[in-house]
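A.B. asks: Pasting a structure here, questions to come.
The values are calculated or read from the model by the stated rules, or taken from the named source; none is laboratory data. All values derive from a computational prediction rather than experimental measurement. Cβ: placed from backbone, ideal geometry, glycine included. Neighbour counts: every protein chain shown.
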Amino acid sequence: MTPFQASYLCFSLAVFALAWLKGGHTERLGVVVTIVAYLSAYAVSPLRAGELRLGEAATDVLATLAFAWMALSRDRWWPFAATAFMVLTLIVHVCVALIPQLDGRADVSARYGLGVLVIVSLLGGVAERWLAGEQPVSWRRPWRPLAQAM
């Protein structure tokens with residue numbers, strides 16, 4: 001693992017923890033979508049057609065659709081940014097398929113950079129929630145029955 005990959009992983013895990021503890025339902029859903037995308041991309045990474053990573057491209061399509069659904073059905077701005085970065089990630093996949101001179105390092109480098117921007121947009125959503133004075137979902141404890149709360 002390169003130092004950039006290690007720092008990307010550590011940064012992502014820190015943002016996921018912060019988003020889970022200080023975010024709302026949309027931020028928690030973003031954490032789940034991103035973690036599922038990470039794990040499924042790892043599981044399907046052997047599926048390739050030349051330099052094109054078909055399994056990872058399919059995972060990115062599904063993650064893009066999930067972020068687009070969040071952007072259109074929730075009242076937060078950051079899923080729009082995450083969707084835009086994921087669309088750019090899909091464009092990288094298309095470029096790798098159409099331009100045979102691109103090697104795997106260019107593909108991975110571009111997608112890592114865009115992945116960092118998706119995580120930064122999630123962090124921005126948590127920061128906006130904090131700046132607006134909204135309480136995190138963690139404080140509400142929606143899973144506790146009402147009778148026990150009284």
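A.B. asks: Looking at 81, 71, 106, 63, can you tell me which residue is touching a Phe, Trp or Tyr at 6+ places or on another chain (Cβ under 7 Å) and of a type in the set (A, V, I, L, M, F, W, C)?
C.D. replies: Every option except 71 fails the conditions.
A.B. asks: Taking the condition among the charged types (D, E, K, R), modelled with pLDDT of 90 or more and either part of a loop (DSSP other than H, G, I, E, B) or more than 12 Å from the chain's Cα centre (by Cα) (or both), does residue 128 pass?
C.D. replies: Yes.
A.B. asks: So which residues in the stretch 78-108 are charged (D, E, K, R) and under 30 Å from residue 27 (Cβ atoms)?
C.D. replies: 107
A.B. asks: Which of the following residues is exposed (fewer than 13 other Cβ atoms within 10 Å of the Cβ) and touching a residue at least 12 places away in the same chain (Cβ under 8 Å): 4, 16?
C.D. replies: Being exposed (fewer than 13 other Cβ atoms within 10 Å of the Cβ) and touching a residue at least 12 places away in the same chain (Cβ under 8 Å) holds for just one of 4, 16, which is 4.
A.B. asks: So if I check each of 65, 88, which one is farther than 23 Å from residue 11 by Cβ, modelled with pLDDT of 95 or more, in a helix (DSSP H, G or I) and not aromatic (Phe, Trp, Tyr)?
C.D. replies: 65
Residues are listed down the side, and each one gets a yes or a no for (1) in contact with a Leu (Cβ under 9 Å, 6 or more places away or on another chain); (2) over 30 Å from residue 135 (Cα atoms); (3) touching a residue at least 24 places away in the same chain (Cβ under 8 Å); (4) of a type in the set (D, E, K, R):
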{"position": "28", "(1), (2), (3), (4)": "no, no, yes, yes"}
{"position": "34", "(1), (2), (3), (4)": "yes, no, yes, no"}
{"position": "54", "(1), (2), (3), (4)": "yes, yes, no, no"}
{"position": "81", "(1), (2), (3), (4)": "yes, no, yes, no"}
{"position": "110", "(1), (2), (3), (4)": "yes, yes, no, no"}
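A.B. asks: Being surrounded by fewer than 16 Cβ atoms within 10 Å (Cβ to Cβ) and at positive phi, is that true of even one residue in the stretch 36-50?
C.D. replies: Scanning the stretch 36-50 turns up at least one residue that is surrounded by fewer than 16 Cβ atoms within 10 Å (Cβ to Cβ) and at positive phi.
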